[in-house]
Structure formats: C-alpha cells, structure tokens
1. Looking at S241, S173 in this structure, which one is more than 16 Å from the ligand (Cβ to nearest atom), over 15 Å from T105 (Cβ atoms) and among the small types (G, A, S)?
2. Restricting to segment 187-232, what's the tally of residues that are assigned to a strand (DSSP E or B) and open to solvent by 50 Å² or more (accessible area, probe 1.4 Å)?
3. Out of all the residues in segment 161-186, which are surrounded by 19 or more Cβ atoms within 10 Å (Cβ to Cβ), among the polar types (S, T, N, Q) and more than 16 Å from the chain's Cα centre (by Cα)?
4. Test G45 against the criterion of being closer than 30 Å to D248 by Cβ, part of a loop (DSSP other than H, G, I, E, B) and touching a Ser or Thr at 6+ places or on another chain (Cβ under 9 Å), and give yes or no.
5. Mind telling me which of the residues G88, G94 ends up being outside any strand (DSSP E or B) and within 16 Å of the ligand (Cβ to nearest atom)?
6. Just to be sure I understand, how many residues within segment 137-160 are out of contact with any strand residue (DSSP E or B) (no Cβ under 7 Å at 6 or more places or on another chain) and open to solvent by less than 30 Å² (accessible area, probe 1.4 Å)?
7. Where in segment 100-174 are there strands (runs of 3 or more DSSP E), lying fully within it, with 3 or more residues that are closer than 24 Å to R85 by Cα?
8. Which residues, taken from segment 48-85, are in a loop (DSSP other than H, G, I, E, B), among the hydrophobic types (A, V, I, L, M, F, W, C) and surrounded by fewer than 24 Cβ atoms within 10 Å (Cβ to Cβ)?
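The values are calculated or read from the model by the stated rules, or taken from the named source; none is laboratory data. Everything numeric in this text was worked out from a predicted model, so none of it was measured. FYI the Cβ positions are ideal-geometry reconstructions off the backbone, even for glycines, and counts take in every protein chain you see. The protein model used for the area step is the full one, side chains on, heavy atoms only, and it has no ligands, DNA or RNA in it. Shrake-Rupley method; radii C 1.70, N 1.55, O 1.52, S 1.80 Å.
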Amino acid sequence: MRYPRFLATCLVLGLAASCAPPVPAPSGNPDRITQASVINALMIGRYDGVNTIAEMLEHGDFGLGTLDHLDGELIILDGRAYQVRGDGAVVPVGPEWTTPFAVVTPFDEDGSFACPQVAGLTALESRLDEALPQRNSFVAVRIEGRFASLKLRSVHRQEPPYRPLGEVAESQSVWTREGLSGTVLGIRSPAWVGGLTVPGWHWHFLSDDRKVGGHVLDARPTEGRVRYDLCHDWEVLLPRSREFDQADLTPNLSRELKRVESARDPAPPRGPEGR
Ligand SMILES: [Zn+2]
C-alpha cells in the first residue's frame, strides 16, 4: 500500500519540491504489467506511437520503452516520464507524446534487499535471479544506488520508411559514465514471452540529477538497495490500426532481439563522443 504512504509523505512535506506538482497515482491493478503493442512489431520497424504517455501513466508509474519514431529511450519513474534522446540529453516527456512500445506497472513494493556489489550486469542479473526465483512471473525492480560505471545507449529518431530495429541498433549511441548516483529500472519477463515482449531482464537508468540516462548495457553497482515488485497479471494493449493488422508478427526474431537489447558486445558503436 504504497500510494497512501506516498501521499501522506507529500502532505507532511507540504511544499517540498519533490512532491510538486502532484503525480496522480495510477488507477490500474498494482499487480499488473501493462504493455503497449508487442516487441515483434517494434522489431520489424513499427515505430509510430500507438498509446499516449498519459494513457500509460494510468496503467503505471514505473516503466520503460521508447517513443514515437523510435525517438530515444523512455523512462517512467515515480509517475514522471523522461526521454533519453539519441544525443544523450534527458528531457521531460509530455502527456500527449506517444509510444510504439512501452511496459509499465504501478510500482507496489513487495520487498527489498541490499544491492549485490558485482563486476557487471550479467553477474547482477544472476544474483537477482537467485534472489527472485519467480521466473514465470514478471518482476519490476528498481535499484537506487551508486554505480562505479554504467554503459548506456540510446537510439536516434527515425523517419519512414522505417528500417528494422536490428539495422537501426547498429547506429545506436553508446556511452560510459563513472561514479553516478541514480536509479536502474528493470523489468524481468518470463523466458517464454518471445515475440510479445523482451524475455529476461530489460534495464534503463536515470541519474538522481535527471541529466544522464539510457538503456543499460552494463552496470557496476557499488552500493544501493534493490526494491522489487512481483507482478502476476499481464495486459497487452494491441494497436487498433490497419498497419498493425497487416503486419506479419509471426517470425521468430529472438536472436535479433537479444542482440538489440543486450548488445554486450555490439558492433563498433558510433556514440555522441565517437565511442
Ligand atoms: Zn531499452
């Protein structure tokens, strides 16, 4: 029962900047993961927005995804939406903006533990999998802490005719930052969701000062707390369009998706600093 406590905190703090303007609590089932469209539609280049951010915020105050025209990485944290553009800039997202693919939930904490201090994201995921063995359910995780290093990426806005995501990802921006405080947001989906959403872990990051963010390719946490929210209900908002109805979403694109989403050893990236 997190929202009443949050509201009470805001009342106590009165005019505290972090509480104003108030963010309305999502009205959706707190145990539900809700997603806009399906990942295979994004994989084949369906980048036009299909749901507004306002609509997604009704379903959850926590989540990740991308924006209309594949315009960067989307982060939803504490009911506020942010865009990490292809050039790395972090900007607030308006409620009328749209998304072609996003996954959200009302973050309703079920438990927490100290963040393991590990050398990288693969080790972190293994430790979290041990701590959270409910592998056929969804789990939302937020890790607030300090990170010795973070390898982040974003993508540049695309224009039609759209190329498939695997091609676009080859020109993604990748950058590494050290000594940051912030929140790593993750959603773990069951391994069997292929074609519908991203199987396994999907991570985004937002710094405490809201100046650095992106899709996380690697992370080295030095301290922090893992808070998790187990989700046993899954809702998929299917686009209502002729384009969606005519798309062939049946191909098995799991290998391409894994390369796009993890890219732990990507093709030589061209980032904002040429890295
Ligand atoms: Zn992402």
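1. S241
2. 5
3. Listed by number, the residues that qualify are Q172, S173.
4. No: the conditions fail for G45.
5. Among G88, G94, only G88 is outside any strand (DSSP E or B) and within 16 Å of the ligand (Cβ to nearest atom).
6. Adding up the residues that qualify gives 2.
7. Result: 102-105, 138-154.
8. Hit for segment 48-85 is V50, nothing else.
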